[in-house]
Amino acid sequence: MNWLSKIYIIISILFLNACANMLPPTGGPKDAIPPKLERSIPKNGSINFKDTRVSLVFNEDVKLDNIQNQLIITPLIKGHYNAVIKKNKIVVITFEQPFDSNTTYTLNFRKGIKDLTEGNAADELSLTFSTGSLIDSSFISGQVVDYKTKVPLKDILVSLYKSDDTFDI
């Protein structure tokens, strides 16, 4: 092999190495859309629910974020619950004890379920169902304001409890 061939090979190798510009992909625009609930068991507003397991199916992969502190269940349940993610898009909550009969329950998830990529919390996610033949029709309206400043507050949850319920949020 002559010296001209060696120079040609060296130049070719340098040229080929210079072509490969190793950069991570940009990934596109930031995901600002929170996960949407596609369906649930029970459906929101269901009656005569007798199971001890609640399932929520989302339109994208989700994660649980401090669900034990974020999930507010009214009225107070007996026992504990376990929440897990299945197949990346399904949240399954299994309750230790059955729900009380003829009672309307509301599960307010606040910011406990987020999308996997950017951590966007599901907007105003709550689920209401009854173990009896009707949904409690109690209705509250009004505005919650700061006691001292009288400025309206945002992201406030207002709940009614039985007088003997010692649950303290």
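Contour minus end-to-end for ASP123 and LYS154, with contour as 0.36 nm per residue of separation and end-to-end as the Cα-Cα distance?
Numbers: separation 31, 0.36 × 31 = 11.16 nm, distance 1.34 nm.
Gain in length upon complete extension: 9.8 nm.
Can you list residues whose amide H is under 5 Å from LEU125's amide H, if they're 5+ apart or on another chain and H is modeled 1.01 Å from N?
Answer set, sorted by chain and number: PHE109, ARG110.
With Cβ to Cβ distances under 15 Å as the rule, what net charge do the other residues near GLY79 carry (K, R +1; D, E -1)?
That works out to -1.
Please list, by residue number, everything in the range 96-123 whose backbone N is under 20 Å from a paramagnetic label point 7 Å out along Cα→Cβ of ILE72.
So the set is 104-114, 121-123.
When the accessible area of the range 27-169 is computed with all protein chains present and a 1.4 Å probe, what percentage of it is carbon and sulfur?
Numbers: 4740 of 9630 Å².
Looking at the range 27-169 in its full context, I get 49 percent from C and S.
For a quick protection proxy, order the peptides 140-152, 111-123 by their average other-Cβ count within 10 Å, most packed first.
Details: 140-152: 8.0, 111-123: 17.2.
Top of the packing list down: 111-123, 140-152.
Checking the cross-link filter: which lysines have an alpha carbon closer than 24 Å to that of LYS87, excluding same-chain neighbours under 8 positions apart?
LYS30, LYS36, LYS43, LYS63, LYS111, LYS114
Is the range 43-96 best put as rounded, prolate or oblate by its Cα gyration tensor, with a ≥ b ≥ c the root eigenvalues, rounded for a/c under 1.5, and otherwise prolate when a/b is larger than b/c, oblate when not? Walk me through the numbers on the way to the answer.
Numbers: a/c = 1.87, a/b = 1.29, b/c = 1.46.
Verdict is oblate for the range 43-96.
In whole Hz and in residue order, list the ³J(HN,Hα) couplings for the range 71-77 that follow from phi through the Karplus curve 6.51 cos²θ - 1.76 cosθ + 1.60, θ = phi - 60°; x for Gly and Pro.
Rounded to whole hertz, the list is 6, 10, 10, 10, x, 4, 9.
Are there trypsin sites (Lys or Arg not before Pro) in the range 47-103 that DSSP marks as loop and that have at most 12 other Cβ atoms within 10 Å, and which are they?
Details: sites: LYS50, ARG53, LYS63, LYS78, LYS86, LYS87, LYS89; in loops: LYS50, LYS78, LYS87, LYS89.
Sites meeting the loop and neighbour criteria: LYS50, LYS78, LYS87.
Between ILE90 and GLN143, what is the FRET efficiency for a Förster distance of 30 Å, r being their Cβ-Cβ separation, to the nearest 0.05?
Values: r = 36 Å, r/R0 = 1.21.
With R0 = 30 Å, the Cβ-Cβ based efficiency is 0.25.
Where the convex hull is taken over the Cα atoms of the range 44-169, what is its projected area averaged over directions, in nm²?
Values: hull surface 37.1 nm².
The orientation-averaged projected area of the Cα hull of the range 44-169 comes to 9.3 nm².
Give me, ordered by chain and number, the residues 5 or more places off ASP136 or on other chains with an amide H under 5 Å from its own placed amide H.
Residues meeting the criterion, in which the H sits 1.01 Å from N, are THR104.
The values are calculated or read from the model by the stated rules, or taken from the named source; none is laboratory data. These figures come from a predicted structure and were not determined experimentally. In this analysis, Cβ positions are derived from the backbone assuming ideal geometry, glycine residues included, and neighbour counts consider all displayed protein chains. Keep in mind that these areas ignore ligands, DNA and RNA; they rest on the heavy atoms of the full protein, side chains included. Shrake-Rupley method; radii C 1.70, N 1.55, O 1.52, S 1.80 Å.
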